[in-house]
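Take a look at the structure below.
The values are calculated or read from the model by the stated rules, or taken from the named source; none is laboratory data. Keep in mind that what you see is a predicted model, and the values were worked out from it rather than measured. Note that each Cβ is placed from the backbone with ideal geometry, even for glycine, and that neighbours are counted across all protein chains shown. With ligands, DNA and RNA removed, areas are computed over all heavy atoms of the protein, side chains included. Shrake-Rupley method; radii C 1.70, N 1.55, O 1.52, S 1.80 Å.
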Amino acid sequence: MGILFAILITLSFGLVFNAVQSNTITVAFENSFGTDRLTVGIIMAVIFAGIIMGGVKRIAKASEYIVVVLAVLYIGVAAFVVLANITQLPAMIALIVKNAFGIEQVAGGTLGAALMNGVKRGLFSNEAGMGSAPNAAATADTTHPVKQGLIQAFGVLTDTLVICTSTAMIILLSGVYKGSDLGGIELTQAALSVHIGSWASGFLAVMVFLFAFSTLIGNYYYGETNIEFIKSNKVWLWVYRICVIAMVVFGAVAKVQLVWDLADLFMGLMVVVNLIAILMLSKVTFEALKDYKKQKAEGRDPVFTRDRIHIPGEVECWQSEEEVIGDKSIHVAN
């Protein structure tokens, strides 16, 4: 299952999802500045190649601050839009509630389609249940795995309920969705232009470039680490790098619906494998959570060692109680 999942995440994130991000960037720039999508794609691929050839350290350096700054800035823009249209807020909330509970969809016979689209876009947004986020979470330096698990859960809250809701409010308060055939980033650009002027479209295009470009780097990292898990071979790594760069260019010129359909397919395959793993690991997870709560109740900063709970198989990444005590003794002696 580990090998199968490593293959799926490499194909999904390194190739397909990077095509989606590239597509979003080039469509946004074409809509705002009238640029040629292929030209933007090639320029982006060249910059991207320069970063990934520099290795993981350069990847981390390039992504360290971009996302946090942009997220705060984007939420600030959304807050301004909401305050400027505060009188429309009750009607917008009523519209969301009616659609959330399927009242209008049931009447129109489109409830299933609405639910399916919500699941697909929500899954792409926060990756909850896909098994991809643990690739990043596993690199964290923490004293107890439950601590990082809670941080990951908070990440889902922040991403979907804060960032995505901000986008929903911007679009719904603009009214541009009514009778419009716009979709994706173009719809958000049109909505922002209504709220804060035509310059907002270009502003969002630049923001999307930075957001999506940092995601390109993160997606690439997922694939690289999983290829190394399968087989530490430089040839395969270089083949992967070439394929990723090619998919960035492909995504730049591909039809929007095609890249999203590919993303949905691979997301589904990842979820199936990951949910089986979650089910099989659930006993260990609940034991770890119980241990965390017990230590918190005792007024301690929870510290995990592999002998605190029963974990089947060999555990490589957590010390035993004896090893922790030994390390402390060496540290004190030094």
Could you pull out the pairs from Lys120/Lys234; Lys120/Lys255; Lys147/Lys234; Lys231/Lys290 whose alpha carbons sit more than 25 Å apart here? Lys120/Lys234; Lys147/Lys234; Lys231/Lys290
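At a 1.4 Å probe, what is the % contribution of carbon and sulfur to the accessible area of the chain? Intermediate results must be reported in sequence, preceding the final value.
Numbers: 12780 of 18650 Å².
The C+S portion of the solvent-accessible surface of the chain is 68 percent.
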Computed ³J(HN,Hα) along the stretch 252-261: with the Karplus parameters 6.51/-1.76/1.60, θ = phi - 60°, integer Hz and x for glycine or proline, the list is 4, 10, 6, 5, 4, 5, 5, 5, 6, 5
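Quick one: ranking Tyr220, Tyr177 by accessible area, 1.4 Å probe, largest first, what do you get?
Numbers: Tyr220 0, Tyr177 75 Å².
Sorted descending by solvent-accessible area, the residues read Tyr177, Tyr220.
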What FRET efficiency, computed as 1/(1 + (r/R0)^6) with R0 = 51 Å and r the Cβ-Cβ distance, is obtained for Met280 and Ile66, rounded to the nearest 0.05? 0.90
State the Cα centre-to-centre distance between the stretch 9-51 and the stretch 230-292 in whole Å. 19
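For the stretch 162-278, what is the accessible area per residue in Å² when the probe is 1.4 Å? Provide the component values of the computation, followed by the final result.
Values: 5510 Å² over 117 residues.
Accessible surface, normalised per residue, equals 47 Å².
How much length would be gained if the chain were fully extended between Glu30 and Ala91, taking 0.36 nm per residue of separation minus their Cα-Cα distance, in nm to one decimal? Working shown, then result.
On the way: separation 61, 0.36 × 61 = 21.96 nm, distance 3.32 nm.
Computed gain between Glu30 and Ala91 is 18.6 nm.
Taking 0.36 nm per intervening residue step and subtracting the Cα-Cα distance, what contour gain separates Ala140 from Trp236 on full extension?
Working: separation 96, 0.36 × 96 = 34.56 nm, distance 2.66 nm.
So the chain would gain 31.9 nm between Ala140 and Trp236.
Highest mean first, what order results for 41-54, 6-19, 199-212, 75-88 on Cβ atoms within 10 Å? All intermediate terms of the calculation are to be shown ahead of the outcome.
Working: 41-54: 16.2, 6-19: 23.3, 199-212: 18.6, 75-88: 14.1.
Ranked by mean Cβ neighbours within 10 Å, highest first: 6-19, 199-212, 41-54, 75-88.
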Checking Met92, Met169, Met130 against a Gaussian network model of the chain (alpha-carbon springs below 10 Å), the top fluctuating residue turns out to be Met92
Enumerate the aspartates and glutamates that Lys296 could reach by cross-link, defined here as Cα to Cα under 15 Å, with residues fewer than 8 away along the same chain left out. Glu287
Aspartates and glutamates near Lys178 by alpha-carbon distance under 20 Å, same-chain residues fewer than 8 away left out - which ones? Glu104, Glu186
